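Notes for the one structure printed next.
Every number here is computed from the coordinates shown, using simple stated rules; none is lab data. Everything numeric in this text was worked out from a predicted model, so none of it was measured. Methodologically, a virtual Cβ is constructed for each residue, glycine included, from the backbone with ideal geometry; neighbour enumeration extends over all protein chains shown.
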Amino acid sequence: MKHFFISYNRADRSWAEWIAWQLEAAGHSVVIQAWDFREGGNFVLDMQRAVEEAQRTIVVLSPDFLASKFTAPEWAAAFAQDPTGVQGRLLPVRVRECQPSGLLGQIVYIDLVGAKTRDAARERLLAGVAAARRKPLAEPELPPLDPGQARTAAAPEPPWPPSLELASRVVGSLFWRAVRIVALVIGVALAVLAFLSRAMPAWVEASPGALYSAALVWGVMVALATEAGLRLWRRRRGGPTAGGRGGA
């Protein structure tokens, strides 16, 4: 006695042969019209013998199979032998988009539609025809003990409003720009003081206030000119004109 008889419409012959090949490669015995019905034989008798002698009948579900008048008796015979499905004698395998109705629609089918790879389709097929329980080899993960609490803990923090984010970037940019300008003013002013003290000591002793004012003016002018030049250079390069720490 064979393990499987494969019933199919001729439009799905390639699918039927692929299924038969996978089953036999896995150690099952198969009867399929394309391989086992020989010239000179009686097709009706061969079909009846295949259905009766096979332990299970696989039907290759497709729109062509459901529309055919000749495939209906094949699955009906298997259904009559096991109307409650306890023995699993009728096993549909869907290979193309279709929706069986009536008695055939009540049988849970193996679905190969949507399988991304050959290996994925093979795994679905062999798992579907297996008679053993599908208990996993490894212990399943424990779900959250308190689903409501788990959802609350996993909820991401709400983002800042866009206005606050913009304000923080602007404040940061202005702060570091001010720090840079003040540092540049002080540095230039100290340099000018040192230069004038050495170059014009008499004038420095006579007008110390003018010395400090000149040094401050020079510091401010150099700092503003440097800032303007830096912004122009960044604008020409396509970079940001304002940023966070260390930005222009």
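Observations on the structure shown:
- Long-range amide H partners of S7 with built H, under 5 Å: I58, V59, V60
- Here is how the number arises for the chain: DSSP H runs of 4 or more residues each give -39500 (n - 2.57), the sum is divided by the residue count, and the result at 222 nm is -17500 deg cm²/dmol.
- Only Lys, Arg, Asp and Glu carry charge here, each on its Cβ (+1 for the first two, -1 for the last two); on that basis segment 1-134 has a dipole of about 340 debye about its Cα centre.
- Selected from P201, V185, L230, residue furthest toward positive end of dipole (segment 162-237; charges at beta carbon): L230
- ³J(HN,Hα), Karplus 6.51/-1.76/1.60, whole Hz, each residue of segment 97-103, x for Gly, Pro: 4, 6, 9, x, 10, x, 5
- Around the amide H of A26, modelled in the peptide plane, lies no amide H under 5 Å away from a residue 5 or more places distant or on another chain.
- HN-Hα J in Hz across segment 116-125 - Karplus 6.51, -1.76, 1.60, θ = phi - 60°, x for Gly and Pro: 7, 9, 4, 5, 5, 5, 4, 4, 4, 5
- A cut-off of 5 Å between modelled amide H atoms, ignoring neighbours fewer than 5 places along the same chain, links D111 with R94.
- Net dipole in debye of the chain [+1 Lys, Arg Cβ; -1 Asp, Glu Cβ; about Cα centre; nearest 20]: 1340 debye
- Seen from a random direction on average, the alpha-carbon convex hull of segment 162-237 projects onto 6.6 square nanometres.
- Option label - semi-axes √(5λ) of the Cα gyration tensor in Å computed here, alternatives (i) 91, 21, 16; (ii) 43, 23, 17; (iii) 32, 20, 15: (i)
- Under the Karplus curve 6.51 cos²θ - 1.76 cosθ + 1.60, θ = phi - 60°, whole-Hz ³J(HN,Hα) for segment 70-83, x wherever Gly or Pro sits: 8, 7, 4, x, 5, 6, 5, 5, 5, 5, 5, 6, 8, x
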